[in-house]
Amino acid sequence: MGINPRGLVPCLVHDGQVHIESNDIILHLERAFPIPRLISVGGEGNVASLLKHEDDLHLAMRTVTFRFLFPPSPKPRMSSDALRRYASTGSGTVLGKKDPHIGREIAYWADFEAHGIPDGAVQQSVRRLHAAFVEIDTTLASHSYIGGANLSVLDIAWFVYVHRLTLSGYPLARLHASLNEWYQRLGMLPQIAREVTIPADLEGPIMARQTDLRASGQDLESICHL
């Protein structure tokens, strides 16, 4: 909390400056280390807005992940004591202003521990992600990459979302042919493949979780009517 007042990762400290959001870190790294170039010259403003669109779907992705990827836990993932410590530790400010992010995090976790993730919340989250994927799929039908002809930070950021949703049981190949081709192509790059390889001790439980959900009709496709 002393480094990142939001108490989250990733967090980057570089040249004495703290960068606390994933996409802010991506943009900072591109400015600090522009080779290889992952944002076209003059395109940073447009990329920043497109990254914000991706970031706005963060809670939707979390909701889907918690419901379909992680097995139920007999213990609270975030206890009331942990939430109280989270609320009272750190400055509670970002760039000198009161940070509303902490309040949203506390509300999310409190509701999750009290009620779990109902079907309606999952359906709403998947609808939002599906709409975003439709837009990207349309772009990729005529371009090799999301930003055009070259690999960019947009591809890196969105690959993570597509990968996570696919692991959660989303029928990517059936719904978005161009996006799936892009996903398979990028997934073969060594730089990406090594980052998303699932450790052996987690791969089995993840696959077993999906098998159990399908057997009980509680998988993502069934719940979200896909």
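Nothing in this text is a laboratory measurement; each read-out follows from the coordinates by a stated rule. The structure presented is a predicted model; accordingly, all values stated were derived computationally and were not measured. Here the Cβ is made from the backbone with ideal geometry for all residues, glycine too, and neighbour counts use every protein chain on show.
Which order do Asp111, Asp99 fall in if you start with the one that has the fewest other Cβ atoms within 10 Å?
Ranking Asp111, Asp99 by Cβ neighbours within 10 Å, fewest first, gives Asp111, Asp99.
Take Arg194, Arg185, Arg128 and order them by how many other Cβ atoms sit within 10 Å, fewest up front.
Values: Arg194 8, Arg185 12, Arg128 17.
Ranking Arg194, Arg185, Arg128 by Cβ neighbours within 10 Å, fewest first, gives Arg194, Arg185, Arg128.
Could you list the residues of the range 35-68 with an amide nitrogen less than 17 Å from a label point located 7 Å from the Cα of Ala149 in the Cα-to-C-beta direction?
Counting backbone N atoms under 17 Å from the label point, the list is 37-43.
Would you compute, from DSSP H runs of 4+ residues alone, the mean residue ellipticity of the chain at 222 nm, taking -39500 (n - 2.57) per run and dividing by the full residue count, rounded to the nearest 500?
Roughly -18500 deg cm²/dmol at 222 nm, from the helical runs in the chain.
If I build a Gaussian network model for the chain, linking alpha-carbon pairs within less than 10 angstrom, which residue out of Ala200, Ala215, Ala121 has the largest mean-square fluctuation?
Most flexible of the set in this elastic network: Ala200.
Report, in whole Å, the centroid distance computed from the Cα atoms of the range 1-65 and the range 183-200.
Using only Cα atoms, the two centres lie 20 Å from each other.
Set Lys and Arg Cβ to +1 and Asp and Glu Cβ to -1, take the dipole of the chain about its Cα centre, and tell me which of Leu220, Gly7, Val122 lies farthest positive.
Gly7
Which residue fluctuates the most in the chain, going by a Gaussian network model with Cα springs under 10 Å, if the choices are Thr166, Thr93, Thr63?
Thr93
Using the 10 angstrom Cβ neighbour count as an exposure proxy, how do Ser73, Ser80 rank, fewest first?
Working: Ser73 8, Ser80 11.
Least crowded to most crowded, the residues run Ser73, Ser80.
Dipole magnitude of the chain about its Cα centre, charges +1 at Lys/Arg Cβ and -1 at Asp/Glu Cβ only, in debye to the nearest 20?
I would put it at about 320 debye.
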